[in-house]
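Where a number appears in this text, it was derived from the coordinates with a stated rule and is not lab data. Nothing here was measured: the structure is a model prediction, and the numbers come from that model. Glycine gets a Cβ as well: all are built from the backbone with ideal geometry, and neighbour counts include every protein chain shown.
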Amino acid sequence: MKNSLRLLLTALCAFISARAAELASPEQKLAALGLTLPAVPAAVANYVPAVRTGNLVFLAGQIARGADGKFIAGKVGRELTEARGADAARTCALQLIAALKAEVGDLAKVKRIVKVTGFVNCTDDFTTQPRVINGASDLFVAVFGEKGRHARVALGTSALPMGAPVEIDLIAEIEAP
């Protein structure tokens, strides 16, 4: 039953991704996925959410906030399952897309998601960090299509700010101004 449900969900995600790929803009793809971009929070320390240099935009790391606006907390492999960690990574990706839109104004200007770095707050024996960060990678591909495919690092760590299960940053290439 569990495997059948997982296969059904995988097929559904593939169908939705294929349908979303037919649409013209990343915003339309987000809508087709039933997603809305969250508000971009102000930086909480001495940094900026985004830095643009030439055609590259470097986005500061994001940790996932729940629907209530509070930070999601927990260690993957102890308080959170791999699947819940991947959900947090997907939330981080959505927040990164919102920050990218705030910086460039229109997501259609994104030429490529170049690099993603994902940190997973996990137990010492947890070894499937890449599957957790797939939650983010899969969303970037669903929203940006082939432009969303990226180089990536997925690392395990013993702690993250606010006890977050995941922190993710990214580098994107945009069209010349």
Can you give me the distance in nm between label points at K115 and E79, each placed 7 Å from the Cα along the Cα-to-Cβ direction?
3.1 nm
Computed over the Cα atoms of the chain, what is the ratio Rg over Rh, Rh following Kirkwood?
0.96
Space enclosed by the convex hull of the alpha-carbon atoms of the stretch 32-106, per residue, Å³
123 Å³
For a paramagnetic label modelled at 7 Å from the Cα of D125 toward its Cβ, which residues of the stretch 51-77 fall within the zone defined by backbone nitrogen distances under 13 Å?
77
Order 37-49, 86-98, 127-139, 70-82 from most to least packed using the mean count of other Cβ atoms within 10 Å.
86-98, 127-139, 70-82, 37-49
Find how much the distance from K70 to L56 grows on full extension, using 0.36 nm per residue of separation minus their present alpha carbon separation; answer in nm with one decimal.
2.0 nm
Check the straight Cα-Cα distances from K147 and name the lysines below 25 Å, setting aside those fewer than 8 residues away within the same chain.
K29, K101, K109, K111, K115
Among Q62, L160, G145, flag the residue with its Cα farthest along the positive direction of the charge dipole of the chain, charges on Cβ as +1 for Lys/Arg and -1 for Asp/Glu.
G145
Quick one: dipole size for the chain, taken about the Cα centre, charges +1 on Lys/Arg Cβ and -1 on Asp/Glu Cβ, in debye to the nearest 20.
200 debye
Taking N as the number of residues in the stretch 117-165, what is its alpha-carbon radius of gyration divided by 2.2 N^0.38 Å?
1.25
